[in-house]
1. So which pairs qualify, if the first residue must be in segment A:170-183 and facing chain B (nearest Cβ under 10 Å) and under 12 Å from A:Tyr149 (Cβ atoms), the second must be part of a strand (DSSP E or B) and hydroxyl-bearing (Ser, Thr, Tyr), the Cβ gap must be under 8 Å, and the two must be at least 6 apart or on different chains?
2. State all residues of segment B:125-139 that are more than 12 Å from the chain's Cα centre (by Cα) and under 20 Å from B:Val10 (Cα atoms); if no residue qualifies, say none.
3. Test each condition in (1) more than 12 Å from B:His122 (Cα to Cα); (2) surrounded by fewer than 24 Cβ atoms within 10 Å (Cβ to Cβ) for B:Ser97 and report the one that comes out false.
4. Scan segment A:191-204 and tell me whether some residue there is at pLDDT 95 or above, in a helix (DSSP H, G or I) and more than 20 Å from A:Ala135 (Cβ to Cβ).
5. Restricting attention to segment B:24-82, and to residues there that are among the β-branched types (Val, Ile, Thr) and within 24 Å of A:Pro349 (Cα to Cα), which single residue is surrounded by the most Cβ atoms within 10 Å (Cβ to Cβ)?
6. Tell me which residues, restricted to segment B:34-76, are more than 17 Å from A:Thr172 (Cα to Cα), in a strand (DSSP E or B) and of a type outside the set (Asp, Glu).
7. When you scan segment B:128-163, how many residues do you find that are closer than 17 Å to B:Ile22 by Cβ and more than 13 Å from every other protein chain (Cβ to nearest Cβ)?
8. So A:Ala199 clears everything in (1) within 23 Å of the chain's Cα centre (by Cα); (2) surrounded by fewer than 12 Cβ atoms within 10 Å (Cβ to Cβ) except one condition, right? Which one?
Amino acid sequence: MKHILLGDEAIAQGAIDAGLSGVYAYPGTPSTEITEYIQLVESRKSKVESCEDNPIFCRWATNEKTAMEAALGMTYAGKRALVCMKHVGMNVCADAFVNSAITGVNGGLVVVAADDPSMHSSQNEQDSRFYAKFALIPCLEPSNQQEAYDMTRMAFDLSEKLRVPILMRVTTRMAHSRAMVETVDTPKAQNMRHLPENAQHFILLPAFAKRNYADLLSEQPEFVRLSEELGNNVYTRGTDPKRAIVACGIAHNYMQEAGIAQGASILKVTQYPLPVKLINQMVADGVEDILVAEEGQPVVEELLRGMVPSHVRIRGRLTGDLPRMGELSPDCFIGVESVSKAESELKLPGRPPSMCQGCGHRDMYTALNEVAREYKEARIFGDIGCYTLGALSPFHAIHSCVEMGASVTMAKGAADAGQHPAIAVIGDSTFTHSGMTGLLDCVNSNADVVVLISDNLTTGMTGGQDSAGTGKLERICMAMGVEEEHVRVVVPLAKNMEEMKQVIREEINYHGTSVIIARRECIQTLKRKARK
Amino acid sequence: MKNDIILAGVGGQGILSIATVIGQAALAEGWYLKQAEVHGMSQRGGEVQSHLRISTEPIWSDLIPKGQTDIILSLEPLEALRYVPWLAENGCIVTSSVPFRNIDTYPDIEEVYAAIKRHPRHILIDTDALVKEVNAPVQASNMVLLGAAIPMLGIEFDIVKAALEKVFARKSEAVVETNIRALTAGYEYAKKNL
């Protein structure tokens, strides 16, 4: 069958067709649509009563670490599991991820990391291929939607064969671009539940872990051999083999579109570790100049320097032949001079994103800003979500935004240093993702902070996915040890402005840990419900 | 035969529905397609664009190189101008003339129109007036715009219409009808004014 699928959807369909039993993920651009697609397929399936398929578990996880661990548990029980996240989610689940390479897997485990070069919707450009190298496992990097589908299916087989997780790395353009994908008609049946034969493999006591790690190291040549022989990496000798282009993943398309090969040899890379034999062949063919085209950081460019003789010139992002930061495009290869200079004569103002009209975060910030101005040096530590846009005009409300949960703990650290008022602003989903443990730290030293949870009952920025703490926030905060009278709830509406300001003022003036929950449903999810 | 299209607008205006309908039409014609979308942060009232490439030959890149775009299709006049560096020399700008003013720095609208009119091939279309004329809601502006692009698309009106019907099939009969009226109005306008 042929479908028009997003790269994310192609991965999801590939996983379903590979006999997936569970997808574990926390929403994050550009990875969100993988899980959403599986949820959609499942919701349609449940309407067909005669459907005999086993359901695929597809509820959102609280964060990437819980997702990774649950997936590892599912593969322990012999079934196939998929974990999806944006690149920075890899940092959150890194402990579980790296150690899952040491435990190994029983059922197939595929981890999808969606990188965001150019930071369209992220705070950095980190390249997830480093994580695969770090964990010593194979990594796949499809160059188009069809490969995304095919490679996902292949990845599950590979994972079970090699008994390690497989990392699949995509970037924004791959994740969020549509193309025709040919899929199989009948999905593979799910694995039967079967427990690991070697029970010790999952117990990472030093004595066992050493054995596992030695096994993983001894498997490395096999991983290289598969990179050389599975057909995902293809070396094509050119008519002018002194020149070569090593093109990884989606960068291969841009290079081809730009038409710069013109007789050069091409090594297309979509599987790591790097295929040593193919690189040696390129050298044997007399290569003198290699251009490395890769999306993200110069991973391959650096590795190649240790793999080819020193007289071979290697060019890429490190040498300035391609831009050091930002995502690639065909234009990067065509060269600036030949690109049309037809700029518009009118100076165009930018149109940055902003919080929606009628959004509760807006009323929350209006109240917070007014109260903050009453103090000499109020500091507001922000977090990751729609409310991060409170940094921009007209609010200019927050003074920091680093990573999920940092608002709470940075406010605590600043308060420990004597900062007052120290206020954290965090969304409900980000709070349960990574803010709760920080709140426990606050409580344990009765830190003089106000944690303002802007609760819109959803994970808003990524399009309105379920939020893990909905309906539980007050109880969570009190269970963490915040005193009941300092867990306050307000409704962020213009008509409640004076009351909101008073509550914020009172909790700032209380020199201990307090929580204010500003709760009003996201207007986007509200609108969507109204349409149904 | 190929058509490289940049769809432009402000988050929430519905450029992705245009892409979906063209994509469906391209699929029906057996063409290749690639379409890079913007999801996530930029959706919130910010500038959004989508690169849509359809071709009878396989397509390499998901992004259109600068200077190669055949049609800039924009739901907002200022946003149309943002992508002029991507426009081919004989490319065409098809844009709504209705400004979306959510920034203080929005330039004088007459200057925006003048900049669009400097391009030899352009269609400035008052989508507000046209949807009103055919008794359709403002949300159907995107289909007016799509209709206006059909003469340059290389795909017949009827194929696009059928694609629209398929895409909107899950909605009510009335929604499909309304959108077809909008599509037709845009198409007729373009034929008269190109």
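The values are calculated or read from the model by the stated rules, or taken from the named source; none is laboratory data. On a predicted model such as this, the values are computed, not experimentally measured, just so you know. Every residue, glycine as well, gets a Cβ built from its backbone with ideal geometry; the counts of neighbours run over all protein chains shown.
1. Filtered contacts from segment A:170-183: A:Ala179/B:Tyr32; A:Met180/B:Tyr32.
2. Scanning segment B:125-139 gives B:Asp126, B:Asp128, B:Ala129, B:Leu130, B:Val131, B:Pro137, B:Val138, B:Gln139.
3. In the conditions (1) more than 12 Å from B:His122 (Cα to Cα); (2) surrounded by fewer than 24 Cβ atoms within 10 Å (Cβ to Cβ), B:Ser97 misses (1) alone.
4. The answer is no; no qualifying residue exists.
5. The selected residue is B:Ile72.
6. Listed by number, the residues that qualify are B:Arg53, B:Ile54, B:Ser55, B:Thr69, B:Ile71, B:Ile72, B:Leu73, B:Ser74.
7. Matching residues across segment B:128-163 total 23.
8. In the conditions (1) within 23 Å of the chain's Cα centre (by Cα); (2) surrounded by fewer than 12 Cβ atoms within 10 Å (Cβ to Cβ), A:Ala199 misses (1) alone.
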